[in-house]
Amino acid sequence: MELRQLRYFVAVAEREHISEAAESLHVAQSAVSRQISNLETELGTELFERIGRNVKLTPIGKIFLEHALIALEAIDFAAKQVEEYLDPEQGTIKIGFPTSLASFLLPTVISAFKKEHPNVSFHLRQGSYRYLINAVKNRELNLVFLGPVPKKDEIIDTKILFTEKISALLPATHPLATKREIQLADLRNEPFVLFPDGFILNKVVVDACKSVGYTPIVSSEGEDMDALKGLVAAGMGVTLLPESAFYDSTPRRTVRLPLSEPSFTRNVGVVFPHNRELAPSEKIFLEFVSTFFSRLTQFI
């Protein structure tokens, strides 16, 4: 079985058309047909059903596709590691992150890293809290920023970078807006604007409110920080956001107030595999991030 056969097989399976697969591979259609035929002969079974000009995977072909994709991914990763061992400064680092860390953490740390390692490239992938944890476990990503930091287990390892306070954001016209600080219980009867159910910051806020004896009344939802800030500015309700959400500025027509009795925080850190080795460029980045935030803590 040849690597070329696997790549041809995957191309045909994805397009369900041999000539389109050949065009994408920049080879003759006959070459693709021949290699697929050789692969089927070696396996002793048909991987495709021929339907007119199109082809469709047989049941065993679908099973073989799953394993072929895993094999090709492993081979490509191995080739990438060899390349980076020869020159880690030319690597590409894939990073996962949630929307709550997009405006401050990523631009800050990547900008600082690029000053010392200008030839390293980045591939950024945004996703939900649960998706990003699973992406590390499923080998889709090796480095993910998250807040709060999940618990370590047999698959994932973690490193806390900093801890930040959670503050209240109120419309500037709100009766409490003139106070220097408020208690979370003061917002008991207020309408809240939150991330949708399933987002980690939704859970953080709901759990915080429940800890002081009430469940927040949700009037509106938004799927990113700017949306929530805009809803508060429009007078649709109040919300709770981490301090890093305000590093650029507090939105117009809103007021940020510290919370007291109790004070709430969340930790922010990086998640990486416990049971597999990072690529050299990823190791360099992880070490840089750890050092960078240890120096930056005084400003966070």
Give me the distance between the Cα centres of the stretch 225-300 and the stretch 1-54, rounded to whole Å.
48 Å
Accessible area per residue, 1.4 Å probe, Å², for the stretch 96-235: what's the number?
48 Å²
Environment charge of Glu84, counting only residues whose C-beta is closer than 14 Å and scoring Lys/Arg +1, Asp/Glu -1:
-3
Candidate cut points under GluC sites (Glu not before Pro) in the stretch 129-194, DSSP loop plus at most 12 other Cβ atoms within 10 Å of their own Cβ, are Glu154
Kyte-Doolittle mean at least -1.0 and Cα extent at least 20 Å along the axis: which DSSP H helices of the chain qualify?
29-43, 59-86, 280-296
Among Ile18, Ile51, Ile70, which one shows the biggest mean-square fluctuation in a GNM of the chain, springs joining Cα atoms closer than 10 Å?
Ile51
Extended-chain gain in nm, criterion 0.36 nm per residue less alpha-carbon gap, Asp197 and Ser121:
24.0 nm
Net length gained if the chain between Asp226 and Ile155 were fully extended (0.36 nm per residue, minus Cα distance):
22.2 nm
The chain: calculated mean residue ellipticity at 222 nm from DSSP helix runs of at least 4, using -39500 (n - 2.57):
-13000 deg cm²/dmol
Kirkwood Rh and Cα-based Rg: tell me the resulting Rg over Rh for the chain, rounded to two decimals.
1.11
For His174, net neighbour charge (Lys/Arg +1, Asp/Glu -1) across residues whose Cβ lies under 15 Å away:
+4
Candidates per trypsin sites (Lys or Arg not before Pro) in the stretch 103-153, loop by DSSP, up to 16 other Cβ within 10 Å
Arg139, Lys151, Lys152
Relative contact order computed over the chain (Cα-Cα under 8 Å; 6+ residues apart), in percent
22 percent
To the nearest 20 debye, what charge dipole does the chain have about its Cα centre, counting +1 at the Cβ of each Lys and Arg and -1 at the Cβ of each Asp and Glu?
800 debye
Choose one answer from Glu223, Glu277, Glu42: the residue with the largest mean-square fluctuation in a GNM of the chain with alpha-carbon springs under 10 Å.
Glu42
On a full-extension model of 0.36 nm per residue, what is the gain between Thr58 and Glu287, subtracting their alpha-carbon distance, rounded to one decimal in nm?
77.7 nm
Return the single residue from Leu65, Leu132, Leu106 with maximal mean-square fluctuation; model: Gaussian network over the chain, springs between Cα atoms under 10 Å.
Leu65
Could you work out what % of the accessible surface of the chain is carbon and sulfur, using a 1.4 angstrom probe and leaving DNA, RNA and ligands out of the count?
51 percent
With a sphere of radius 9 Å drawn around the Cβ of Thr58, what net charge do the other residues whose Cβ falls strictly inside it have (Lys, Arg +1; Asp, Glu -1)?
0
Exposure rank, largest accessible area first [Val206, Val144; 1.4 Å]
Val206, Val144
Which of the listed residues, Ala208, Pro171, Thr158, is farthest toward the dipole's positive end in the stretch 127-208, when Lys, Arg count +1 and Asp, Glu count -1 at the beta-carbon?
Thr158
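The values are calculated or read from the model by the stated rules, or taken from the named source; none is laboratory data. Note that this is a predicted model, so its numbers are computed, not measured. Glycine also receives a Cβ, built like all others from the backbone with ideal geometry; neighbour counts cover every protein chain displayed. Side chains included, ligands, DNA and RNA excluded: accessible areas come from the protein's heavy atoms. Shrake-Rupley method; radii C 1.70, N 1.55, O 1.52, S 1.80 Å.
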